[in-house]
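Trainee: The structure's right below; bear with me while I get my questions together.
The values are calculated or read from the model by the stated rules, or taken from the named source; none is laboratory data. Nothing here was measured: the structure is a model prediction, and the numbers come from that model. Every residue, glycine as well, gets a Cβ built from its backbone with ideal geometry; the counts of neighbours run over all protein chains shown.
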Amino acid sequence: MSQEVNVLALVKGNERYIFLFDDSRRPETLRTLGRFASNTELSFSWYDAAVLSQKVRQTVPTSETRKPRFDLPLPTDNSGQDEAA
């Protein structure tokens with residue numbers, strides 16, 4: 001079984017930030033971006049974290065696209081019911 005690995009990289013001057021993660025580790029990767037941004041010893045900024053986290057979210061496979069939490073009928077949806085007046 002082959003598992004795909006996502007690669008995310010940021011180059012800032014002489015520094016290189018490279019993140020490797022699979023789809024199951026996406027939330028952990030987002031938390032790591034926040035930890036790096038809050039570390040004052042790194043040049044990794046909150047802006048960098050915001051940009052890269054958006055890239056992480058864009059790598060979601062189409063099979064994992066979010067479904068609505070509730071399946072409510074729309075006001076224009078009769079759901080096969082005719083209103084008799």
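Trainee: Restricting to the range 16-72, name every residue that is in contact with a Ser or Thr (Cβ under 9 Å, 6 or more places away or on another chain) and modelled with pLDDT under 90.
Mentor: Asp23
Trainee: Residues being within 17 Å of the chain's Cα centre (by Cα), loosely packed, with under 15 Cβ neighbours inside 10 Å and among the hydroxyl-bearing types (Ser, Thr, Tyr): count how many of those fall in the range 1-55.
Mentor: Final tally of qualifying residues: 2.
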